[in-house]
Amino acid sequence: MPSPEKIKAALLDSAKDHSHRFGAVVHFLEATGWNKRMKGGHHISTRPGIPILLNLQPEKSGQAKAYQIAQIRKQLELFKL
């Protein structure tokens, strides 16, 4: 598994939105203080002090969905995480 720093660098690069493994993204969120709960196939991540939740679902291929990567990037930039 790549380090959280490498995953963050890749998440911040919008050209790579279609190439993220779902497990690596979930690992990054957990390693950086996001709390995860599951409801069915949805992985819902929250973080204390941030009023927004991230609702993630893997694609059948095991990749993260590109629009969800864009949502994560927006939160990282907005809250300077």
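Can you tell me how many residues in the range 1-13 are within 13 Å of the chain's Cα centre (by Cα), in contact (Cβ under 8 Å) with a residue 24 or more places away in the chain and loosely packed, with under 15 Cβ neighbours inside 10 Å? Here the count works out to 1.
Summed over the range 34-54, residues that are surrounded by 12 or more Cβ atoms within 10 Å (Cβ to Cβ) and either in contact with a Ser or Thr (Cβ under 7 Å, 6 or more places away or on another chain) or farther than 12 Å from Gln75 by Cβ (or both) total 7. The set of residues in the range 26-36 being in contact (Cβ under 8 Å) with a residue 24 or more places away in the chain and within 11 Å of Pro4 (Cβ to Cβ) consists of His27, Phe28, Leu29, Ala31, Thr32. Cβ-Cβ contacts under 9 Å between residues 6 or more apart (or on different chains), taken from a first residue in the range 54-72 that is touching a residue at least 12 places away in the same chain (Cβ under 8 Å) and outside any strand (DSSP E or B) to a second residue that is buried (at least 17 other Cβ atoms within 10 Å of the Cβ) and aromatic (Phe, Trp, Tyr), are listed as Gln57/Phe22; Glu59/Phe22; Gly62/Phe22; Ile72/Phe28.
Values quoted throughout were computed directly from the atomic coordinates according to the rules given, and no laboratory measurement underlies them. Quick caveat: nothing in here was measured; it's all calculated off a predicted structure. Please note: Cβ atoms are built from the backbone with ideal geometry, for glycine as well, and neighbour counts cover all protein chains shown.
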